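Data first, discussion second: the structure below is written as structure tokens.
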Amino acid sequence: MDEAAIETTKLGKAYPGGVRALDEVSIRAAYGEIYAYLGRNGSGKTTTIRILTTLTAATTGTARVAGHDVRQHPGAVRRAIGVTMQQAALDETMTGRELLQWLAALWGLPPGVARARVGEVVDRFGLGPVLGRRIATYSGGTRRRLDLAAALLHQPKVLFLDEPTTGLDPQSRRALWEQVGELRDDGSAIFLTTQYLEEAAQLADHIAVLQAGRLSPRTPRPGCAAATGGCGCGSRSTSRDPPPPGRPTATPPTSTGGSPARWHRPTRPTSCSTS
């Protein structure tokens, strides 16, 4: 079996007072795929990302990212990942150019390499026209694109996106979907948290549903078999946005409780399962 980009085993997180944010969460995400982590506010999505990006420690279980144990080798994990959290951490007094140049220096990129990488991410996310402006003047969609560009400066193997489209208008949201799909096609592993079923269904290769800190159980549905190339069952997404170019429209399965279980992109022969 190929090495996973992200792999956890019975991951748990408890806080004082007996509050369990995560309970025995086991997931596996591959390179060249988008892994969608779907759940309501408070379900444990951000806690999972904070553990996987070494920002907080798990109480129980293990986690490996890009081949490194997050507890034993946090520095190696940080060098291998890019992260955008729900609120973009951008200094509004800087211009976009100043921010990217500063971050490239923090990553220790040689001047020539830094100039090349800044140019590449600026072109990729269409930031050229606003690069000389203060970040305080950027729209929400432009800030999110700048945040993504910053996360990709050092060419990370694994990218974590924590609810990246929250607060974006439909046009900015769809543009971001297209850019995330391109990153996946370039071979990056992308771990995406979202509250939106239609977003997960249109973007992801795999979907896991988190409910109150636990993954939903495996729920095969009638007609779901490897021979069909995926799961063609359950209720349809209600998104008004068309899928990003090249992506199929898919229908995620539902569990016996009516909530989505796990869906596999139908272009790849798989069976229905959780992780």
Look at region 1-19 and say how many of its residues are assigned to a strand (DSSP E or B) and crowded, with 17+ Cβ neighbours inside 10 Å. 6
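Rundown of residues vs (1) open to solvent by less than 10 Å² (accessible area, probe 1.4 Å); (2) farther than 20 Å from residue 49 by Cα, yes/no style:
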position: 142; (1), (2): no, yes
position: 154; (1), (2): no, no
position: 158; (1), (2): yes, no
position: 166; (1), (2): no, no
position: 198; (1), (2): no, yes
position: 204; (1), (2): yes, no
position: 210; (1), (2): yes, no
When region 154-174 is checked residue by residue, the ones that are assigned to a helix (DSSP H, G or I) and in contact with a helix residue (DSSP H, G or I) (Cβ under 7 Å, 6 or more places away or on another chain) are 172
Just wondering, is there one or more residues in region 199-216 that are in a helix (DSSP H, G or I), closer than 24 Å to residue 127 by Cβ, among the small types (Gly, Ala, Ser) and at pLDDT 50 or above? no
Single match in 5, 36, 88 (criterion: closer than 29 Å to residue 168 by Cα and modelled with pLDDT of 95 or more): 5
Only one of 106, 22, 55 is modelled with pLDDT of 90 or more, open to solvent by 60 Å² or more (accessible area, probe 1.4 Å) and within 19 Å of the chain's Cα centre (by Cα). Can you tell me which? 55
Residue 112: in a helix (DSSP H, G or I), exposed (fewer than 13 other Cβ atoms within 10 Å of the Cβ) and free of Cβ contacts under 8 Å to residues at least 40 places away in the same chain, yes or no? yes
Boolean, residue 79 is of a type in the set (D, E, K, R), over 21 Å from residue 179 (Cα atoms) and at pLDDT 95 or above: no
Residues of region 73-89 satisfying the condition of being crowded, with 17+ Cβ neighbours inside 10 Å, in a loop (DSSP other than H, G, I, E, B) and not small (Gly, Ala, Ser): 73, 85
Going through region 125-178 one residue at a time, which ones are modelled with pLDDT of 85 or more and β-branched (Val, Ile, Thr)? 130, 135, 137, 142, 158
Please count how many residues of region 27-45 are surrounded by fewer than 22 Cβ atoms within 10 Å (Cβ to Cβ) and either over 19 Å from residue 9 (Cα atoms) or in contact with a Phe, Trp or Tyr (Cβ under 8 Å, 6 or more places away or on another chain) (or both). 5
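The values are calculated or read from the model by the stated rules, or taken from the named source; none is laboratory data. Note that the structure is predicted; figures quoted are calculated from it, not measured. Heads up, the Cβs are rebuilt from the backbone with ideal geometry, glycines too, and the neighbour counts pull from every protein chain shown. These area figures cover heavy atoms from the full protein model, side chains too; ligands, DNA and RNA do not enter into them. Shrake-Rupley method; radii C 1.70, N 1.55, O 1.52, S 1.80 Å.
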